[in-house]
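**Student:** Next up is a structure, given as structure tokens.
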Amino acid sequence: MSWLSIFALALQTAIGFQGASFALAASGLNLQFGYTGLSNFGHVGFLLVGAYGMAIAADRGWSIWVGFALGIAAAVALGLLLGIPTLRLRGDYLAIVTIASAEILRLVANARPSEPLTGGSRGIGGLSGTLGFFDPNFIPAGNYGIGESFVFNSRQLWSMLFTWGLVVLVTILIWALVRSPWGRVLRSIREDEDAARALGKNVVVFKLQSFVLGGLIGALAGALIALEAGSVSPTRWVATLTFALYTVVILGGAGTVLGPVVGAVVYWFILDAVDGILKNLWFDISDTTSGAIRLAMMGIGLMLLMIFRPQGILGSKKEMIAGAR
Amino acid sequence: MDLPQLLRSPRVLLLLVALGVLWPATQAAAQGGGGVSDAEAARCAFTKAEAIDANGGPLGPSIWGRLCQVIDGEVRYAEGAEVTVLRDGEEVGSDTTDAGGVFVVTIDGNGTFQVRLDPETLPKDFSLTDEARARLDNVRVNLGDQQVVFRLGEDSRGQRDFADYATTVAKGARLGLILAVAAVGLSLVYGVTGLTNFAHAELVTLGAIAAYVANDAGVPFWLSVPIGVAAGALFGFGNDRLLWRPLRRRRMALLSMMVVSIGLSTALRNGFQVAFGPAGKRYTASSGQTERAYGPFRLTPNDLLIIGVCVVVLVGMTLLLRKTRLGTAIRAVADNPDLAASSGIAVDRIVSVVWVLAGGLAALGGILYGLTINVKFDMGFILLLSLFAAVVLGGLGNAYGAVLGALVIGIVQETSGLFVDTAYKFVVALLVLIVVLLVRPQGILGQRERFG
């Protein structure tokens with residue numbers, strides 16, 4: 001494999017569905033963590049309910065719209081359920097409760113007695129056929145791209161166009177929200193919660209709104225991941241996915257409108273390029289090992305970013321996340 | 001009822017959360033789940049090595065298994081029962097079980113198969129736990145050969161005797177004590193620095209792996225334990241000196257430090273996987289353990305060892321914190337670092353000591369946990385949420401609270417298997433955590449303060 005094709009493949013992942021779905025999921029997290037300073041360490045739980053909402057709709061023969069509605073309703077319910085009791089507490093409590101509840105959701109989905117609803121450890125398959133996600137695809141069949149490595153087929157193009165379209169809508173929404181008075185309150189809570197309270201703002205309600213809206217965006221990303229893959233299984237929704245999204249948010253710049261988008265593209269480009277290089281330099285490396293090396297690098301990257309460049313690519317040092325407390 | 005009012009009645013919310021999450025669990029319990037007790041299932045466990053022995057040679061592409069039932073407390077094997085394997089309804093092959101209850105049906109490659117056991121051919125006294133499970137319609141073979149299990153014997157759920165309950169509680173206490181040993185350090189570190197250290201789980205894994213490496217190199221197990229603990233203590237010390245102390249000097253926000261600890265945890269865990277391999281491994285001391293009756297408890301010698309070591313260590317920690325100058329200093333720093341510093345306590349030195357203690361204790365917890373399961377790169381991470389549950393339950397930053405919380409979590413986690421499906425074991429522990437946060441966020445022993 002040539003260097004050029006390694007980078008072409010990495011770019012393909014970065015601007016393809018992987019990058020788009022991560023940008024969407026990270027946008028939700030950015031609203032919570034970047035703008036409001038909420039340490040939601042169980043974002044993957046929102047993705048999970050979005051994905052399972054879609055899968056359960058497919059399993060029961062309902063339409064794709066019911067699938068979206070189920071996922072969104074579940075995400076709102078989850079956000080309220082977790083948010084109302086814990087947003088009154090300190091940040092570390094929110095972190096522990098969210099990571100625990102995401103894990104509860106995964107374990108419940110995985111358990112044998114849940115099989116009638118979630119398919120247990122096997123999950124639910126056959127989503128694209130039942131829900132017709134690819135039916136409105138107007139792109140003629142065939143391959144599009146440059147050279148041999150940088151190629152998308154028509155299905156890939158459809159899912160990536162759809163998802164990037166959603167990313168654009170969500171990004172515009174967030175842009176409009178954070179420059180509104182509402183967004184200014186969120187940022188003031190992030191900088192100094194007591195000051196915001198002293199000014200008469202009902203801090204818990206603002207935090208709750210941000211938490212639920214961010215979770216809802218996460219659920220949308222989960223639903224799209226389910227639609228693109230055509231199946232849902234519990235092994236995917238592990239805590240590591242949340243941590244990857246944190247890396248994306250901080251890499252791009254927490255508390256910036258375009259941060260998650262830039263972060264997701266750069267994240268996937270680096271990750272995939274490293275994977276290609278590893279497999280090229282070290283021929284007998286297994287997928288398990290290269291996956292572990294990639295994640296180890298992600299962890300180191302997250303630490304280094306947080307320590308040396310917490311404002312990421314787009315953020316300004318002046319407006320750093322979570323204030324200076 | 002508007003939102004602020006709702007906020008003032010946490011019990012309403014508590015009920016909602018509990019109902020929401022427990023509903024599937026109670027459903028499962030109502031359906032009865034099916035299956036013989038775990039202890040009996042364990043006595044009938046069958047490994048590939050045993051199958052190769054019974055077959056008198058390699059298995060080749062095949063579907064294999066053993067028909068085993070515990071009758072009157074004795075393990076017996078069903079001879080002469082007929083097992084048929086089909087692919088897409090076409091018969092692939094069949095076998096009749098030998099005197100050891102073993103069947104091996106040769107197949108023509110990987111794929112999805114249907115396996116049938118003819119219940120009529122089962123010998124007298126043998127019966128299927130669930131008649132419907134005589135026909136397995138979705139047996140996937142991915143790696144050449146595959147074991148299938150037909151559960152035999154009465155469904156002994158709900159027929160447990162007192163010893164079963166007593167043993168489960170004892171195993172819960174064992175897990176709780178291990179959690180306590182590992183959690184004390186997490187709580188102390190939180191107490192003196194305010195850091196919620198998500199990488200604490202990796203200190204647990206590191207100790208277990210270090211002891212395994214020593215043990216594997218020929219060092220006897222009893223000597224591997226101090227080696228592992230020393231490695232953990234050293235690593236804890238290094239963690240503080242090289243990472244956390246510089247970050248504290250930079251006055252990094254606690255939320256940011258939490259994110260750094262997540263990065264560290266991810267990096268270490270995956271680093272362990274690369275270095276140690278993804279497979280689970282066992283200490284030499286793990287083999288040859290059989291359960292014996294000690295009063296109403298059925299425990300292995302290792303279980304007793306674990307419980308003994310934990311109790312000694314926890315009593316030692318309590319004495320250290322209560323009776324020594326060092327312990328007093330640690331508690332003073334945890335209570336109020338500024339006040340402690342102005343009283344002439346070298347806060348940085350105390351923090352270093354706490355990290356050494358945390359690393360050593362976490363390592364010990366990891367080694368003892370590794371005795372009960374396999375030593376694996378993510379064993380600490382699996383414990384992490386139980387550790388947090390223990391620490392929060394007892395009151396963040398309170399070492400005695402962590403011990404108490406750990407015992408509660410351990411016993412709740414193990415005994416919950418008696419009431420709900422064992423698949424929900426971890427869920428129950430995490431649920432306890434959430435419920436506690438709803439009604440008493442400061443934990444059992446924590447001091448009431450204004451949160452948020």
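**Student:** Just for helices (runs of 4 or more DSSP H) wholly inside the range B:341-452: which have at least 3 residues that are surrounded by fewer than 24 Cβ atoms within 10 Å (Cβ to Cβ) and more than 10 Å from every other protein chain (Cβ to nearest Cβ)?
**Tutor:** In the range B:341-452, the matching helices (runs of 4 or more DSSP H) lie at B:347-372, B:399-415.
**Student:** What are the pairs with Cβ atoms under 6 angstrom where one residue, in the range A:282-304, is basic (Lys, Arg) and the other, located anywhere, is part of a helix (DSSP H, G or I)? Sequence gap at least six, or different chains.
**Tutor:** Correct list of pairs: A:ARG294/A:LEU271; A:ARG294/A:ASP275.
Conditions tested, residue by residue: (1) at pLDDT 95 or above; (2) out of contact with any helix residue (DSSP H, G or I) (no Cβ under 7 Å at 6 or more places or on another chain); (3) surrounded by fewer than 23 Cβ atoms within 10 Å (Cβ to Cβ).
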| site | (1), (2), (3) |
| --- | --- |
| A:TRP3 | no, yes, yes |
| A:PHE17 | no, no, no |
| A:LEU24 | yes, no, no |
| A:LEU48 | yes, no, no |
| A:THR98 | no, no, no |
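**Student:** While we're on this one: If you go through the range A:172-222 one residue at a time, how many are more than 15 Å from A:THR36 (Cβ to Cβ), outside any helix (DSSP H, G or I) and touching a residue at least 60 places away in the same chain (Cβ under 8 Å)?
**Tutor:** 0
**Student:** Turning to a different aspect of this structure: State which residue is surrounded by the most Cβ atoms within 10 Å (Cβ to Cβ) when the search covers only the range B:253-269 and only residues that are without any contact (Cβ under 8 Å) to a residue 60 or more places away in the chain and not in a loop (DSSP other than H, G, I, E, B).
**Tutor:** Taking the range B:253-269 as the starting set, the residues that turn out to be without any contact (Cβ under 8 Å) to a residue 60 or more places away in the chain are B:253, B:255-256, B:259-260, B:263, B:266-267.
Filter again for not in a loop (DSSP other than H, G, I, E, B), leaving B:255-256, B:259-260, B:263, B:266-267.
Values: B:LEU255: 21, B:SER256: 21, B:VAL259: 31, B:VAL260: 25, B:GLY263: 25, B:THR266: 29, B:ALA267: 22.
Selected residue: B:VAL259.
To keep it simple, each residue is scored yes or no on (1) out of contact with any strand residue (DSSP E or B) (no Cβ under 7 Å at 6 or more places or on another chain); (2) among the small types (Gly, Ala, Ser); (3) farther than 18 Å from A:GLY218 by Cβ.
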position: A:TYR35; (1), (2), (3): yes, no, no
position: A:ALA51; (1), (2), (3): no, yes, no
position: A:PHE68; (1), (2), (3): yes, no, no
position: A:TYR93; (1), (2), (3): yes, no, yes
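**Student:** Given the criterion within 14 Å of chain B (Cβ to nearest Cβ), surrounded by fewer than 18 Cβ atoms within 10 Å (Cβ to Cβ) and either under 23 Å from B:ALA267 (Cβ atoms) or under 16 Å from the mean Cα position of the chain (by Cα) (or both), identify the matching residue among A:ILE285, A:ILE250, A:ILE277. Write out each step before concluding.
**Tutor:** Working: A:ILE250 fails: surrounded by fewer than 18 Cβ atoms within 10 Å (Cβ to Cβ); A:ILE277 fails: within 14 Å of chain B (Cβ to nearest Cβ).
The conditions single out A:ILE285.
**Student:** Would you please list the contacts, defined by Cβ atoms under 7 Å and residues six or more apart or on different chains, that run from a residue in the range A:84-99 that is at the interface with another protein chain (Cβ under 7 Å from one of its Cβ atoms) and more than 18 Å from B:SER261 (Cα to Cα) to a residue that is modelled with pLDDT of 80 or more and surrounded by fewer than 24 Cβ atoms within 10 Å (Cβ to Cβ)?
**Tutor:** The qualifying pairs are A:ILE84/A:LEU208; A:THR86/A:TYR93; A:ARG88/A:VAL204.
**Student:** How many of the residues in the range A:111-161 are more than 14 Å from chain B (Cβ to nearest Cβ) and either over 24 Å from the mean Cα position of the chain (by Cα) or free of Cβ contacts under 8 Å to residues at least 60 places away in the same chain (or both)?
**Tutor:** So the answer is 26.
**Student:** Of these, A:LEU157, A:LEU169, which one is at pLDDT below 90, assigned to a helix (DSSP H, G or I) and either within 30 Å of A:ALA273 (Cα to Cα) or not aliphatic (A, V, I, L, M) (or both)?
**Tutor:** On the way: A:LEU169 fails: at pLDDT below 90.
So the residue among A:LEU157, A:LEU169 that is at pLDDT below 90, assigned to a helix (DSSP H, G or I) and either within 30 Å of A:ALA273 (Cα to Cα) or not aliphatic (A, V, I, L, M) (or both) is A:LEU157.
**Student:** Here are some residues: A:LEU245, A:LEU241. Which one is of a type in the set (A, V, I, L, M, F, W, C), in contact with a His (Cβ under 6 Å, 6 or more places away or on another chain) and within 28 Å of A:LEU38 (Cα to Cα)?
**Tutor:** A:LEU245 is the lone residue from the list that is of a type in the set (A, V, I, L, M, F, W, C), in contact with a His (Cβ under 6 Å, 6 or more places away or on another chain) and within 28 Å of A:LEU38 (Cα to Cα).
**Student:** From the list B:GLY397, B:GLY344, exactly one residue is at pLDDT below 85 and at positive phi. Which is it? It would help to see each step written out before you state the result.
**Tutor:** Values: B:GLY344 fails: at pLDDT below 85.
Answer to the check: B:GLY397.
**Student:** Evaluate the following for A:VAL108: is it free of Cβ contacts under 8 Å to residues at least 12 places away in the same chain and away from chain B (no Cβ under 14 Å)?
**Tutor:** Taking the combined requirement at face value, the residue does not satisfy it.
**Student:** If you don't mind, there's one more thing I want to ask. With the condition kept exactly as written, say whether any residue in the range A:34-45 is of a type outside the set (Phe, Trp, Tyr), surrounded by fewer than 24 Cβ atoms within 10 Å (Cβ to Cβ) and more than 12 Å from chain B (Cβ to nearest Cβ).
**Tutor:** no
The values are calculated or read from the model by the stated rules, or taken from the named source; none is laboratory data. Everything quoted here is computed from the prediction, not taken from an experiment. A quick note on method: Cβ atoms are made from the backbone with ideal geometry, for glycine too, and the neighbour counts reach across all protein chains shown.
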